[in-house]
Amino acid sequence: MNPSQEQSDISIAVTEPEENLWSAIKESLRGSHRNYTTGPIGRSILLLAIPMVLEMVMESVFAVVDIFWVSHLGTDAAATVGLTESLLTLIYALAIGLSIGATAMVARRIGEQNPEGAARAAVQAIAIALIVSAVIAAIGAPLAPKLLALMGGSPWVIEHGSSFTRVMLAGNVTVVMLFMVNAIFRGAGDAAIAMRTLWLANWINILLGPCLIFGIGPFPKLGIVGAAIATNIGRGTGVVYALIRLFRHGGRFDIQRHHLRLEPAIMSRLLRLSSTATFQVFIGMASWIGLVRIISSFGSDAVAGYTFGIRVILFALLPSWGMSNAAATMVGQALGAKAPQRAERAVWQAGFYNMIFLGLVGLVFIVFAPQIIGLYTADPHVAAYGIDCLRVVSYGFLFYAYGMVLGQSFNGAGDTWTPTIINLFVFWLWEIPLAFVLSVHFDLGPRGVFIAITVAFSTLAVVSALVFRQGRWKTRVV
(Lines give C-alpha, C1' and ligand atoms only; values in the text may rest on other atoms or scores of the structure.)
Protein backbone atom coordinates (compact mmCIF):
# COMPACT_ATOMS: atom_id res chain seq x y z
CA MET A 1 0.00 0.00 0.00
CA ASN A 2 1.46 3.40 -0.93
CA PRO A 3 1.64 6.25 1.65
CA SER A 4 -1.09 8.29 -0.01
CA GLN A 5 -3.53 5.35 0.02
CA GLU A 6 -2.72 4.59 3.67
CA GLN A 7 -3.35 8.23 4.63
CA SER A 8 -6.67 8.13 2.77
CA ASP A 9 -7.80 4.99 4.66
CA ILE A 10 -6.93 6.59 8.00
CA SER A 11 -8.87 9.71 7.05
CA ILE A 12 -11.93 7.65 6.16
CA ALA A 13 -11.70 5.67 9.42
CA VAL A 14 -11.59 8.90 11.45
CA THR A 15 -14.29 10.83 9.62
CA GLU A 16 -16.83 8.03 9.15
CA PRO A 17 -17.88 7.84 12.86
CA GLU A 18 -18.22 11.63 12.89
CA GLU A 19 -20.40 11.52 9.77
CA ASN A 20 -22.50 8.70 11.25
CA LEU A 21 -22.98 10.66 14.48
CA TRP A 22 -23.95 13.81 12.60
CA SER A 23 -26.38 11.89 10.38
CA ALA A 24 -27.91 10.27 13.49
CA ILE A 25 -28.37 13.69 15.11
CA LYS A 26 -30.07 15.09 12.01
CA GLU A 27 -32.30 12.04 11.64
CA SER A 28 -33.31 12.07 15.31
CA LEU A 29 -34.19 15.78 15.29
CA ARG A 30 -36.25 15.45 12.10
CA GLY A 31 -38.08 12.50 13.58
CA SER A 32 -36.98 9.00 12.66
CA HIS A 33 -39.47 6.46 11.33
CA ARG A 34 -37.16 3.46 11.49
CA ASN A 35 -37.92 0.18 13.24
CA TYR A 36 -36.03 0.18 16.56
CA THR A 37 -36.39 -3.59 17.00
CA THR A 38 -33.74 -4.24 14.32
CA GLY A 39 -30.42 -2.74 13.26
CA PRO A 40 -27.44 -1.45 15.28
CA ILE A 41 -28.33 -0.97 18.95
CA GLY A 42 -26.04 2.01 19.44
CA ARG A 43 -27.60 3.96 16.61
CA SER A 44 -31.12 3.10 17.77
CA ILE A 45 -30.30 4.37 21.26
CA LEU A 46 -28.88 7.59 19.83
CA LEU A 47 -31.89 8.17 17.58
CA LEU A 48 -34.22 7.83 20.56
CA ALA A 49 -31.99 9.42 23.18
CA ILE A 50 -30.94 12.63 21.39
CA PRO A 51 -34.45 14.17 21.23
CA MET A 52 -35.30 12.74 24.66
CA VAL A 53 -32.16 14.27 26.19
CA LEU A 54 -32.83 17.61 24.49
CA GLU A 55 -36.41 17.42 25.73
CA MET A 56 -35.17 17.04 29.29
CA VAL A 57 -32.47 19.71 28.80
CA MET A 58 -35.25 22.20 28.12
CA GLU A 59 -37.03 21.09 31.28
CA SER A 60 -33.75 21.50 33.17
CA VAL A 61 -33.19 24.99 31.80
CA PHE A 62 -36.68 25.98 32.85
CA ALA A 63 -36.21 24.62 36.36
CA VAL A 64 -33.03 26.66 36.82
CA VAL A 65 -34.31 29.85 35.17
CA ASP A 66 -37.60 29.72 37.08
CA ILE A 67 -35.96 29.63 40.50
CA PHE A 68 -33.46 32.30 39.32
CA TRP A 69 -36.23 34.84 38.76
CA VAL A 70 -38.13 33.90 41.91
CA SER A 71 -34.93 34.22 43.98
CA HIS A 72 -34.98 37.97 43.23
CA LEU A 73 -38.14 38.19 45.34
CA GLY A 74 -36.29 37.06 48.48
CA THR A 75 -35.43 33.99 50.50
CA ASP A 76 -39.01 33.37 51.65
CA ALA A 77 -40.25 33.41 48.04
CA ALA A 78 -37.59 30.88 47.07
CA ALA A 79 -38.55 28.76 50.07
CA THR A 80 -42.20 28.92 48.92
CA VAL A 81 -41.22 27.49 45.54
CA GLY A 82 -39.14 24.81 47.25
CA LEU A 83 -41.98 23.72 49.53
CA THR A 84 -44.55 23.84 46.72
CA GLU A 85 -42.30 21.83 44.43
CA SER A 86 -42.06 19.23 47.18
CA LEU A 87 -45.87 19.04 47.25
CA LEU A 88 -45.99 18.89 43.47
CA THR A 89 -43.69 15.89 43.54
CA LEU A 90 -46.78 13.93 44.56
CA ILE A 91 -48.52 15.07 41.37
CA TYR A 92 -45.37 14.40 39.36
CA ALA A 93 -45.28 10.94 40.90
CA LEU A 94 -48.83 10.30 39.77
CA ALA A 95 -48.21 11.73 36.28
CA ILE A 96 -44.99 9.79 35.82
CA GLY A 97 -46.58 6.60 37.13
CA LEU A 98 -49.47 6.92 34.70
CA SER A 99 -47.07 7.71 31.87
CA ILE A 100 -44.90 4.67 32.67
CA GLY A 101 -47.88 2.41 32.08
CA ALA A 102 -48.72 4.21 28.84
CA THR A 103 -45.16 4.01 27.53
CA ALA A 104 -44.85 0.31 28.34
CA MET A 105 -48.15 -0.61 26.69
CA VAL A 106 -47.70 1.55 23.58
CA ALA A 107 -44.10 0.39 23.11
CA ARG A 108 -45.10 -3.26 23.43
CA ARG A 109 -47.89 -2.86 20.85
CA ILE A 110 -45.55 -1.07 18.43
CA GLY A 111 -42.95 -3.82 18.87
CA GLU A 112 -45.67 -6.37 18.05
CA GLN A 113 -46.52 -4.42 14.87
CA ASN A 114 -50.02 -3.72 16.28
CA PRO A 115 -50.82 -0.01 15.60
CA GLU A 116 -54.52 -0.57 16.32
CA GLY A 117 -53.67 -1.69 19.86
CA ALA A 118 -51.32 1.27 20.32
CA ALA A 119 -54.05 3.75 19.31
CA ARG A 120 -56.57 2.23 21.71
CA ALA A 121 -54.06 2.30 24.57
CA ALA A 122 -53.22 5.95 23.86
CA VAL A 123 -56.85 7.10 24.02
CA GLN A 124 -57.52 5.27 27.29
CA ALA A 125 -54.35 6.72 28.81
CA ILE A 126 -55.48 10.26 27.97
CA ALA A 127 -58.92 9.61 29.48
CA ILE A 128 -57.34 8.42 32.72
CA ALA A 129 -55.08 11.51 32.83
CA LEU A 130 -58.03 13.91 32.48
CA ILE A 131 -60.05 12.22 35.21
CA VAL A 132 -57.15 12.11 37.67
CA SER A 133 -56.12 15.75 37.15
CA ALA A 134 -59.68 16.98 37.68
CA VAL A 135 -59.87 15.21 41.05
CA ILE A 136 -56.51 16.65 42.16
CA ALA A 137 -57.53 20.22 41.27
CA ALA A 138 -60.86 19.96 43.09
CA ILE A 139 -59.24 18.67 46.29
CA GLY A 140 -55.79 20.28 46.33
CA ALA A 141 -56.34 23.92 45.39
CA PRO A 142 -58.63 24.84 48.34
CA LEU A 143 -56.21 23.23 50.81
CA ALA A 144 -53.10 25.16 49.67
CA PRO A 145 -52.48 27.14 52.93
CA LYS A 146 -52.93 24.07 55.11
CA LEU A 147 -50.58 22.04 52.92
CA LEU A 148 -47.84 24.70 53.21
CA ALA A 149 -48.30 24.77 56.99
CA LEU A 150 -48.05 20.98 57.08
CA MET A 151 -44.73 21.26 55.22
CA GLY A 152 -43.33 23.55 57.91
CA GLY A 153 -43.61 26.81 55.96
CA SER A 154 -42.95 30.10 57.78
CA PRO A 155 -45.86 32.50 58.48
CA TRP A 156 -44.79 34.63 55.45
CA VAL A 157 -44.78 31.58 53.21
CA ILE A 158 -48.24 30.51 54.36
CA GLU A 159 -49.71 34.01 54.02
CA HIS A 160 -48.10 35.15 50.77
CA GLY A 161 -47.16 31.88 49.08
CA SER A 162 -50.48 30.05 49.24
CA SER A 163 -51.71 31.74 46.04
CA PHE A 164 -48.72 30.35 44.14
CA THR A 165 -49.42 26.88 45.50
CA ARG A 166 -53.15 27.17 44.75
CA VAL A 167 -52.56 28.11 41.11
CA MET A 168 -50.08 25.29 40.63
CA LEU A 169 -52.45 22.71 42.09
CA ALA A 170 -55.48 24.02 40.19
CA GLY A 171 -53.57 23.83 36.90
CA ASN A 172 -52.12 20.39 37.45
CA VAL A 173 -53.88 19.12 34.31
CA THR A 174 -51.15 20.78 32.23
CA VAL A 175 -48.49 18.75 34.06
CA VAL A 176 -50.35 15.44 33.97
CA MET A 177 -51.36 15.72 30.32
CA LEU A 178 -47.90 16.86 29.21
CA PHE A 179 -46.36 13.81 30.87
CA MET A 180 -48.98 11.47 29.45
CA VAL A 181 -49.03 12.58 25.81
CA ASN A 182 -45.24 12.79 25.61
CA ALA A 183 -45.01 9.31 27.15
CA ILE A 184 -47.27 8.00 24.38
CA PHE A 185 -45.01 9.56 21.75
CA ARG A 186 -41.89 8.13 23.40
CA GLY A 187 -43.40 4.64 23.62
CA ALA A 188 -44.22 4.80 19.92
CA GLY A 189 -40.68 5.93 19.12
CA ASP A 190 -41.74 9.47 18.11
CA ALA A 191 -39.27 11.12 20.47
CA ALA A 192 -38.80 14.21 18.29
CA ILE A 193 -42.45 15.22 18.70
CA ALA A 194 -42.21 14.91 22.49
CA MET A 195 -39.07 17.07 22.37
CA ARG A 196 -40.75 19.83 20.35
CA THR A 197 -43.76 19.79 22.68
CA LEU A 198 -41.67 20.40 25.79
CA TRP A 199 -39.48 22.98 24.09
CA LEU A 200 -42.56 24.96 23.06
CA ALA A 201 -44.07 24.74 26.54
CA ASN A 202 -40.94 25.75 28.39
CA TRP A 203 -39.87 28.55 26.05
CA ILE A 204 -43.23 30.17 26.75
CA ASN A 205 -42.61 29.63 30.48
CA ILE A 206 -39.16 31.16 30.33
CA LEU A 207 -40.20 34.22 28.32
CA LEU A 208 -43.50 34.86 30.09
CA GLY A 209 -42.27 34.18 33.65
CA PRO A 210 -40.22 37.36 34.31
CA CYS A 211 -42.86 39.45 32.51
CA LEU A 212 -45.59 38.34 34.94
CA ILE A 213 -43.33 38.25 38.01
CA PHE A 214 -41.92 41.78 37.63
CA GLY A 215 -44.58 43.45 35.46
CA ILE A 216 -42.42 44.01 32.38
CA GLY A 217 -44.06 46.05 29.59
CA PRO A 218 -47.85 45.65 29.38
CA PHE A 219 -47.90 42.70 31.78
CA PRO A 220 -49.18 43.07 35.36
CA LYS A 221 -46.74 42.68 38.26
CA LEU A 222 -47.96 39.51 39.97
CA GLY A 223 -44.89 38.50 41.95
CA ILE A 224 -44.52 34.84 42.78
CA VAL A 225 -48.05 34.10 41.49
CA GLY A 226 -46.89 35.26 38.06
CA ALA A 227 -44.42 32.38 37.95
CA ALA A 228 -47.26 29.90 38.51
CA ILE A 229 -49.48 31.48 35.87
CA ALA A 230 -46.65 31.51 33.31
CA THR A 231 -45.95 27.85 34.00
CA ASN A 232 -49.55 26.82 33.43
CA ILE A 233 -49.92 28.90 30.26
CA GLY A 234 -46.69 27.49 28.81
CA ARG A 235 -47.42 23.89 29.60
CA GLY A 236 -51.05 24.24 28.55
CA THR A 237 -49.92 25.46 25.14
CA GLY A 238 -47.60 22.47 24.89
CA VAL A 239 -50.47 20.11 25.67
CA VAL A 240 -52.63 21.59 22.90
CA TYR A 241 -49.79 21.23 20.38
CA ALA A 242 -49.12 17.63 21.48
CA LEU A 243 -52.77 16.63 21.15
CA ILE A 244 -52.94 18.12 17.66
CA ARG A 245 -49.91 16.06 16.63
CA LEU A 246 -51.28 12.92 18.30
CA PHE A 247 -54.60 13.07 16.47
CA ARG A 248 -53.01 13.97 13.14
CA HIS A 249 -52.89 11.06 10.68
CA GLY A 250 -49.65 9.66 9.29
CA GLY A 251 -47.80 8.71 12.48
CA ARG A 252 -46.81 5.29 13.79
CA PHE A 253 -50.49 4.76 14.58
CA ASP A 254 -53.66 6.67 13.68
CA ILE A 255 -56.41 7.51 16.16
CA GLN A 256 -59.78 7.09 14.47
CA ARG A 257 -63.24 8.23 15.56
CA HIS A 258 -64.16 4.74 16.78
CA HIS A 259 -61.24 4.85 19.24
CA LEU A 260 -62.80 7.80 21.11
CA ARG A 261 -64.66 5.82 23.73
CA LEU A 262 -63.93 4.37 27.15
CA GLU A 263 -62.72 0.78 27.10
CA PRO A 264 -62.78 -0.57 30.66
CA ALA A 265 -60.65 -3.63 29.86
CA ILE A 266 -57.75 -1.56 28.50
CA MET A 267 -58.15 1.08 31.22
CA SER A 268 -57.98 -1.69 33.81
CA ARG A 269 -54.73 -3.05 32.38
CA LEU A 270 -53.26 0.44 32.20
CA LEU A 271 -54.29 1.16 35.77
CA ARG A 272 -52.74 -2.09 37.00
CA LEU A 273 -49.46 -1.15 35.40
CA SER A 274 -49.70 2.50 36.33
CA SER A 275 -50.86 2.02 39.91
CA THR A 276 -47.75 0.05 40.76
CA ALA A 277 -45.59 2.49 38.81
CA THR A 278 -47.27 5.43 40.56
CA PHE A 279 -46.63 3.87 43.95
CA GLN A 280 -43.04 3.28 42.86
CA VAL A 281 -42.49 6.90 41.86
CA PHE A 282 -44.49 8.14 44.85
CA ILE A 283 -42.14 6.29 47.17
CA GLY A 284 -39.15 7.98 45.59
CA MET A 285 -40.62 11.45 45.25
CA ALA A 286 -42.44 11.49 48.58
CA SER A 287 -39.10 10.81 50.20
CA TRP A 288 -38.08 14.29 49.00
CA ILE A 289 -40.92 15.69 51.09
CA GLY A 290 -39.51 13.87 54.09
CA LEU A 291 -36.07 15.29 53.36
CA VAL A 292 -37.39 18.84 52.98
CA ARG A 293 -39.30 18.44 56.24
CA ILE A 294 -36.06 17.54 57.99
CA ILE A 295 -34.19 20.45 56.36
CA SER A 296 -36.96 22.96 57.15
CA SER A 297 -36.27 22.42 60.85
CA PHE A 298 -32.97 24.23 60.26
CA GLY A 299 -34.65 27.41 58.90
CA SER A 300 -35.51 29.13 55.60
CA ASP A 301 -31.83 29.68 54.71
CA ALA A 302 -31.29 25.92 54.68
CA VAL A 303 -34.45 25.30 52.63
CA ALA A 304 -33.52 28.02 50.12
CA GLY A 305 -29.95 26.75 49.78
CA TYR A 306 -31.18 23.20 49.34
CA THR A 307 -33.68 24.42 46.69
CA PHE A 308 -30.93 26.15 44.71
CA GLY A 309 -28.65 23.11 44.93
CA ILE A 310 -31.32 20.59 43.93
CA ARG A 311 -32.51 22.73 41.02
CA VAL A 312 -28.97 22.78 39.62
CA ILE A 313 -28.66 19.03 40.14
CA LEU A 314 -31.89 18.55 38.21
CA PHE A 315 -30.19 20.40 35.37
CA ALA A 316 -27.92 17.36 35.07
CA LEU A 317 -30.30 14.58 36.07
CA LEU A 318 -33.21 15.49 33.79
CA PRO A 319 -31.19 15.04 30.58
CA SER A 320 -30.11 11.68 32.00
CA TRP A 321 -33.78 10.76 32.27
CA GLY A 322 -33.84 11.25 28.52
CA MET A 323 -31.28 8.49 28.11
CA SER A 324 -33.22 6.35 30.59
CA ASN A 325 -36.46 6.86 28.65
CA ALA A 326 -34.69 5.81 25.47
CA ALA A 327 -33.64 2.57 27.16
CA ALA A 328 -37.23 1.99 28.34
CA THR A 329 -38.58 2.39 24.80
CA MET A 330 -35.91 0.05 23.43
CA VAL A 331 -36.79 -2.58 26.05
CA GLY A 332 -40.55 -2.37 25.48
CA GLN A 333 -40.31 -2.59 21.71
CA ALA A 334 -37.64 -5.32 21.76
CA LEU A 335 -39.72 -7.49 24.09
CA GLY A 336 -42.74 -6.93 21.85
CA ALA A 337 -40.62 -8.20 18.95
CA LYS A 338 -39.55 -11.27 21.01
CA ALA A 339 -35.91 -10.08 21.21
CA PRO A 340 -35.04 -10.03 24.96
CA GLN A 341 -31.28 -10.22 24.41
CA ARG A 342 -31.41 -7.07 22.31
CA ALA A 343 -33.30 -5.38 25.14
CA GLU A 344 -30.62 -6.34 27.67
CA ARG A 345 -27.74 -5.16 25.51
CA ALA A 346 -29.49 -1.84 24.93
CA VAL A 347 -29.82 -1.25 28.68
CA TRP A 348 -26.14 -1.76 29.48
CA GLN A 349 -25.09 0.36 26.52
CA ALA A 350 -27.42 3.20 27.50
CA GLY A 351 -26.14 3.02 31.08
CA PHE A 352 -22.57 3.39 29.86
CA TYR A 353 -23.43 6.47 27.79
CA ASN A 354 -25.24 7.94 30.78
CA MET A 355 -22.28 7.30 33.08
CA ILE A 356 -19.91 9.23 30.81
CA PHE A 357 -22.27 12.20 30.69
CA LEU A 358 -23.07 12.37 34.40
CA GLY A 359 -19.46 11.75 35.40
CA LEU A 360 -18.32 14.83 33.47
CA VAL A 361 -21.18 16.96 34.79
CA GLY A 362 -20.53 15.86 38.37
CA LEU A 363 -16.89 16.87 38.10
CA VAL A 364 -17.91 20.35 36.90
CA PHE A 365 -20.38 20.72 39.77
CA ILE A 366 -17.82 19.72 42.39
CA VAL A 367 -15.14 22.10 41.10
CA PHE A 368 -17.34 25.11 40.32
CA ALA A 369 -20.05 24.79 42.99
CA PRO A 370 -19.39 28.27 44.55
CA GLN A 371 -19.63 30.01 41.19
CA ILE A 372 -22.77 28.11 40.18
CA ILE A 373 -24.67 28.75 43.41
CA GLY A 374 -23.42 32.35 43.36
CA LEU A 375 -25.60 32.93 40.29
CA TYR A 376 -28.68 32.49 42.48
CA THR A 377 -27.88 34.18 45.77
CA ALA A 378 -25.39 36.57 47.34
CA ASP A 379 -26.44 35.61 50.86
CA PRO A 380 -23.43 33.73 52.30
CA HIS A 381 -25.56 31.66 54.67
CA VAL A 382 -27.89 30.45 51.91
CA ALA A 383 -24.98 29.94 49.49
CA ALA A 384 -23.11 27.74 51.97
CA TYR A 385 -26.00 25.28 52.11
CA GLY A 386 -26.42 25.30 48.32
CA ILE A 387 -22.70 24.66 47.69
CA ASP A 388 -22.61 21.82 50.18
CA CYS A 389 -25.71 20.23 48.65
CA LEU A 390 -24.35 20.49 45.12
CA ARG A 391 -20.97 18.98 45.95
CA VAL A 392 -22.07 16.16 48.24
CA VAL A 393 -24.86 14.91 45.94
CA SER A 394 -22.60 15.15 42.86
CA TYR A 395 -20.19 12.61 44.34
CA GLY A 396 -22.71 9.88 43.55
CA PHE A 397 -23.38 10.79 39.91
CA LEU A 398 -21.57 7.76 38.43
CA PHE A 399 -23.86 5.44 40.39
CA TYR A 400 -26.97 7.49 39.57
CA ALA A 401 -26.26 7.08 35.85
CA TYR A 402 -26.76 3.32 35.86
CA GLY A 403 -29.48 3.38 38.51
CA MET A 404 -31.69 5.68 36.45
CA VAL A 405 -31.36 3.61 33.28
CA LEU A 406 -31.94 0.31 35.07
CA GLY A 407 -35.05 1.58 36.87
CA GLN A 408 -36.65 2.86 33.69
CA SER A 409 -35.75 -0.35 31.86
CA PHE A 410 -37.70 -2.44 34.37
CA ASN A 411 -40.66 -0.13 33.75
CA GLY A 412 -40.28 -0.32 29.98
CA ALA A 413 -40.57 -4.08 30.28
CA GLY A 414 -43.77 -3.72 32.31
CA ASP A 415 -42.04 -5.03 35.44
CA THR A 416 -43.13 -2.15 37.65
CA TRP A 417 -43.13 -4.17 40.88
CA THR A 418 -39.37 -4.77 41.01
CA PRO A 419 -38.30 -1.08 41.09
CA THR A 420 -41.21 -0.37 43.45
CA ILE A 421 -39.88 -2.79 46.04
CA ILE A 422 -36.34 -1.49 45.57
CA ASN A 423 -37.51 2.12 45.98
CA LEU A 424 -39.45 1.25 49.12
CA PHE A 425 -36.38 -0.27 50.73
CA VAL A 426 -33.88 2.35 49.59
CA PHE A 427 -35.83 5.56 50.16
CA TRP A 428 -38.06 4.87 53.16
CA LEU A 429 -36.25 2.18 55.11
CA TRP A 430 -32.77 3.53 54.36
CA GLU A 431 -32.58 7.15 53.12
CA ILE A 432 -35.08 8.89 55.44
CA PRO A 433 -33.86 7.23 58.69
CA LEU A 434 -30.25 7.81 57.64
CA ALA A 435 -30.93 11.50 56.91
CA PHE A 436 -32.58 11.98 60.32
CA VAL A 437 -29.83 10.19 62.21
CA LEU A 438 -26.99 12.02 60.45
CA SER A 439 -28.57 15.47 60.60
CA VAL A 440 -30.01 15.33 64.12
CA HIS A 441 -28.29 12.68 66.21
CA PHE A 442 -24.84 13.18 64.68
CA ASP A 443 -25.43 16.94 64.56
CA LEU A 444 -24.45 17.26 60.88
CA GLY A 445 -27.43 19.48 60.10
CA PRO A 446 -28.50 19.72 56.43
CA ARG A 447 -25.22 18.10 55.37
CA GLY A 448 -26.48 14.87 56.92
CA VAL A 449 -29.45 14.99 54.53
CA PHE A 450 -27.16 15.58 51.55
CA ILE A 451 -24.98 12.61 52.51
CA ALA A 452 -28.07 10.41 52.88
CA ILE A 453 -29.20 11.33 49.35
CA THR A 454 -25.84 10.27 47.89
CA VAL A 455 -25.71 7.02 49.83
CA ALA A 456 -29.31 6.11 48.98
CA PHE A 457 -29.05 6.65 45.24
CA SER A 458 -25.76 4.76 45.10
CA THR A 459 -27.42 1.87 46.93
CA LEU A 460 -30.32 2.00 44.47
CA ALA A 461 -27.95 1.56 41.51
CA VAL A 462 -26.12 -1.43 42.99
CA VAL A 463 -29.29 -3.28 44.03
CA SER A 464 -30.98 -2.59 40.67
CA ALA A 465 -28.00 -3.97 38.75
CA LEU A 466 -27.96 -7.18 40.79
CA VAL A 467 -31.68 -7.77 40.29
CA PHE A 468 -31.59 -6.82 36.59
CA ARG A 469 -28.98 -9.52 35.90
CA GLN A 470 -31.42 -12.18 37.10
CA GLY A 471 -33.57 -11.48 34.02
CA ARG A 472 -37.07 -12.04 35.37
CA TRP A 473 -38.17 -8.77 33.71
CA LYS A 474 -37.88 -10.49 30.29
CA THR A 475 -41.00 -12.60 30.90
CA ARG A 476 -43.46 -9.85 31.88
CA VAL A 477 -46.76 -9.70 29.95
CA VAL A 478 -48.12 -6.23 29.11
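Structure above, values below:
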item: Residues of the stretch 295-321 that turn out to be within 22 Å of M56 (Cβ to Cβ) and either outside any helix (DSSP H, G or I) or hydroxyl-bearing (S, T, Y) (or both), as a count; result: 3
item: Residue within the stretch 37-45 that is more than 21 Å from A339 (Cβ to Cβ), touching a residue at least 40 places away in the same chain (Cβ under 8 Å) and of a type in the set (A, V, I, L, M, F, W, C) present; result: no
item: Answer residue from the stretch 131-147, given it is among the hydrophobic types (A, V, I, L, M, F, W, C) and loosely packed, with under 14 Cβ neighbours inside 10 Å and is nearest to I100 (Cα to Cα) among those; result: I131
item: Qualifying residue in the stretch 171-193 (condition: surrounded by fewer than 23 Cβ atoms within 10 Å (Cβ to Cβ), assigned to a helix (DSSP H, G or I) and over 25 Å from the mean Cα position of the chain (by Cα)); result: no
item: Residue match in the stretch 65-76 (condition: at pLDDT below 80 and closer than 23 Å to V281 by Cβ); result: yes
item: Some residue of the stretch 99-107 being within 14 Å of M177 (Cβ to Cβ), of a type in the set (A, V, I, L, M), in contact (Cβ under 8 Å) with a residue 24 or more places away in the chain and surrounded by 19 or more Cβ atoms within 10 Å (Cβ to Cβ); result: yes
item: Given (1) among the hydrophobic types (A, V, I, L, M, F, W, C); (2) exposed (fewer than 15 other Cβ atoms within 10 Å of the Cβ); (3) in contact (Cβ under 8 Å) with a residue 60 or more places away in the chain; (4) part of a helix (DSSP H, G or I), index of the condition I213 fails; result: (2)
item: Looking only at the stretch 94-116, and only at residues there that are among the hydrophobic types (A, V, I, L, M, F, W, C) and out of contact with any Ser or Thr (no Cβ under 6 Å at 6 or more places or on another chain), the one that is farthest from G407 (Cα to Cα); result: I110
item: Test set (1) within 30 Å of D254 (Cβ to Cβ); (2) crowded, with 21+ Cβ neighbours inside 10 Å - V157 fails condition number; result: (1)
item: Hits in the stretch 227-256 (condition: surrounded by 16 or more Cβ atoms within 10 Å (Cβ to Cβ), part of a loop (DSSP other than H, G, I, E, B) and basic (K, R)); result: R252
item: Selected residue (criterion: farthest from the chain's Cα centre (by Cα)) from residues of the stretch 305-326 that are among the aliphatic types (A, V, I, L, M) and over 17 Å from G396 (Cα atoms); result: A326
item: Cross-chain or 6+ apart pairs with Cβ under 7 Å, the stretch 254-268 first and closer than 23 Å to D190 by Cβ, then in a loop (DSSP other than H, G, I, E, B) and acidic (D, E); result: none
item: Candidates D76, D66, filtered to the one that is surrounded by fewer than 21 Cβ atoms within 10 Å (Cβ to Cβ) and among the acidic types (D, E); result: D76
item: Residue in the stretch 361-376 that is within 19 Å of M52 (Cβ to Cβ), out of contact with any strand residue (DSSP E or B) (no Cβ under 9 Å at 6 or more places or on another chain) and in contact (Cβ under 8 Å) with a residue 40 or more places away in the chain present; result: yes
item: Filtered residues of the stretch 327-355 (kept if within 15 Å of G42 (Cα to Cα) and either surrounded by fewer than 17 Cβ atoms within 10 Å (Cβ to Cβ) or without any contact (Cβ under 8 Å) to a residue 12 or more places away in the chain (or both)); result: Q341, R345, W348, F352
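One line per residue, one yes/no per condition, for (1) out of contact with any Asp or Glu (no Cβ under 9 Å at 6 or more places or on another chain); (2) not β-branched (V, I, T):
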site	(1), (2)
G407	yes, yes
G412	yes, yes
E431	yes, yes
L438	yes, yes
F450	no, yes
V467	yes, no
W473	no, yes
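The values are calculated or read from the model by the stated rules, or taken from the named source; none is laboratory data. Keep in mind that what you see is a predicted model, and the values were worked out from it rather than measured. In this analysis, Cβ positions are derived from the backbone assuming ideal geometry, glycine residues included, and neighbour counts consider all displayed protein chains.
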